[in-house]
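Only one structure is covered here, and it is reproduced in the block below.
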Amino acid sequence: MRLPCPHCGTRDVQEFTYLGDANVKRPDADEMSEAAMTRCVYERDNPAGRQREYWHHSSGCRAWIVVTRDTRTHRIESAERARPLVED
Amino acid sequence: MRYSVFTLAAQTLKGHRGWKPAWRDASPEPEYDVIIVGGGGHGLATAYYLASQHGLSNIAVLEKGHIGSGNVGRNTTIIRSNYLLPGNTPFYEFSMKLWEGLEQEINYNAMVSQRGVLNLYHSDSQRDAYARRGNAMRLAGADAELLDRDEVRAMLPFLDYDNARFPIQGGLLQRRGGSVRHDAVAWGYARAADRRGVDIVQNCEVTGLTIDADGIHGVETSRGPIKARKVALAVAGSSSRLAAMAGLRLPIESHVLQAFVSEGLKPLLDRVVTFGAGHFYVSQSDKGGLVFGGDIDGYNSYAQRGNLPVIEDVMESGMALWPGLGRVRVLRHWGGVMDMSMDGSPIIDHTPVRGLYLNAGWCYGGFKATPASGWCFAHLIARDHHHPVAAAYRLDRFATGHLIDEKGVGAQPNLH
């Protein structure tokens with residue numbers, strides 16, 4: 001599998017470190033509760049199909065990126081820089 | 001037909017023309033007392049123990065493909081009970097005891113071979129950690145021996161004892177560990193369950209769960225709806241997909257784990273050996289092939305095939321342990337989809353939906369657990385309370401903080 005880094009172009013997956021589901025959001029301070037934190041830390045959709053996920057280009061430009069990938073076929077739909085998405 | 005030396009002799013005289021299929025290819029009835037979703041090792045064992053220990057017989061096992069086509073036929077066939085934590089050790093030791101009596105119990109040759117599992121250590125601190133693990137095992141009634149370098153060398157003279165980075169200093173040996181022919185486990189449990197009246201329905205995919213405010217009432221399948229008061233999920237690899245049909249999100253990610261087998265060799269390795277400085281383990285099958293494996297690929301995957309970087313990593317670890325492996329050719333490799341739970345330990349529990357039970361999250365270790373998993377899951381389904389040795393495998397432990405984090409890496413499924 002190769003990932004299209006927005007900065008470096010298509011690179012081997014060995015250059016990247018995986019974090020997981022990019023849809024997980026830490027609850028805001030005013031919505032913080034044990035149940036909300038449990039959902040954030042432990043529970044995952046784990047879809048068979050399209051998933052948005054965080055990868056770190058740890059042996060490359062060291063940027064965090066969000067890759068949209070099919071978990072059944074490893075087909076890559078897109079890869080974007082994570083920072084603008086997180087700052088939304 | 002009961003299998004014995006006499007039936008074998010009688011069949012031999014008749015030219016082996018009288019063997020009957022080992023289980024019926026059942027069609028689904030409209031209603032059952034218990035439906036088990038998933039015809040793998042755990043599902044079939046659960047059905048068998050529900051029938052043999054709890055007197056139920058109106059049971060169906062629904063399997064999407066054919067039985068044994070999932071992880072029970074994709075693992076590396078190792079059994080052991082060398083766990084450290086109190087939530088795990090009694091469960092896996094119970095499983096080991098069930099393995100020891102399994103073939104007589106189900107009248108099926110599963111080729112249970114207690115050839116010993118040896119975990120190598122490569123540093124003083126790792127020796128201390130293994131000594132602690134061995135003591136925990138012995139306190140729980142399992143067997144463990146701490147071996148020094150010379151004792152290991154006498155057993156396995158061909159390993160690389162003077163590796164510059166990872167010299168072998170010794171190992172923790174569990175003599176009762178070993179390997180079992182994995183397909184025979186699925187077939188043996190299927191035959192034994194079938195003989196007690198369980199319907200094993202193959203090519204029957206569950207497409208939905210019938211749930212209302214009172215709980216579950218049955219399942220929708222590719223072969224029509226089937227009613228049941230109790231539905232039990234034993235579909236590791238796809239647990240999240242089935243649970244999503246009930247509106248549940250599980251503390252699980254699906255990851256692919258690869259395994260490898262070499263060309264057949266003459267008898268060479270009479271134990272299961274694990275490398276302590278990387279993730280690599282190897283044993284020799286009765287056909288002569290070396291069976292080995294390592295880490296998961298590390299990203300969510302439902303593809304039953306992996307990628308090359310992990311293959312390279314496994315081969316490098318193997319070469320660091322046993323340089324002679326470089327002369328051996330790999331014959332084939334494959335992948336299976338694991339339920340990687342958030343703390344690396346399984347779940348055998350009720351769900352918030354009344355009548356829906358969950359057996360999931362087996363990570364790397366589902367095969368060795370097959371008998372105890374079936375036994376404890378059957379206990380839960382029949383009696384609605386946890387079996388004592390599986391009481392820690394609760395679904396709510398992630399919310400309450402009672403994690404069973406054997407590797408101590410936290411909520412990182414790809415690191416367990």
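The values are calculated or read from the model by the stated rules, or taken from the named source; none is laboratory data. Here the structure is a predicted model, which is why all the values come from computation and not from measurement. As a convention, Cβ positions derive from the backbone with ideal geometry for all residues, glycine included, and neighbour counts pool all protein chains shown.
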>> Suppose we filter B:A136, B:A164, B:A129, B:A193 for residues that are buried (at least 20 other Cβ atoms within 10 Å of the Cβ), over 25 Å from B:G289 (Cβ atoms) and small (G, A, S); which single one remains?
In response: B:A193
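Pick from B:G15, B:G55: which is free of Cβ contacts under 8 Å to residues at least 40 places away in the same chain, surrounded by fewer than 18 Cβ atoms within 10 Å (Cβ to Cβ) and closer than 17 Å to B:D384 by Cα? Steps first, answer last, please.
Working: B:G15 fails: closer than 17 Å to B:D384 by Cα.
The unique qualifying residue is B:G55.
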>> Return the residues of the stretch A:33-70 that are farther than 25 Å from B:V256 by Cβ, more than 14 Å from chain B (Cβ to nearest Cβ) and of a type in the set (A, V, I, L, M, F, W, C); say none if nothing qualifies.
In response: A:C61, A:A63
>> If B:L172 meets every condition in (1) of a type outside the set (K, R); (2) surrounded by fewer than 23 Cβ atoms within 10 Å (Cβ to Cβ); (3) more than 30 Å from B:A51 (Cα to Cα) apart from one, which number is that one?
In response: (2)
>> Can you tell me which residue is farthest from B:L118 (Cα to Cα) among those in the stretch B:282-320 that are in a loop (DSSP other than H, G, I, E, B) and more than 14 Å from chain A (Cβ to nearest Cβ)?
In response: B:K287
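For the stretch B:21-34, state whether one or more residues are under 30 Å from B:L290 (Cβ atoms) and not assigned by TED's automatic domain parsing to the domain that holds B:A391.
Our first condition is that a residue be under 30 Å from B:L290 (Cβ atoms); within the stretch B:21-34, this holds for B:22.
Those left that are additionally not assigned by TED's automatic domain parsing to the domain that holds B:A391: B:22.
Yes: the stretch B:21-34 contains one or more residues that are under 30 Å from B:L290 (Cβ atoms) and not assigned by TED's automatic domain parsing to the domain that holds B:A391.
Is it the case that B:I36 is surrounded by 15 or more Cβ atoms within 10 Å (Cβ to Cβ), part of a loop (DSSP other than H, G, I, E, B), touching a strand residue (DSSP E or B) at 6+ places or on another chain (Cβ under 8 Å) and of a type in the set (A, V, I, L, M, F, W, C)?
Answer is no for this residue.
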> Being within 12 Å of another protein chain (Cβ to nearest Cβ), touching a helix residue (DSSP H, G or I) at 6+ places or on another chain (Cβ under 6 Å) and among the β-branched types (V, I, T), is that true of even one residue in the stretch A:71-79?
Replying inline: no
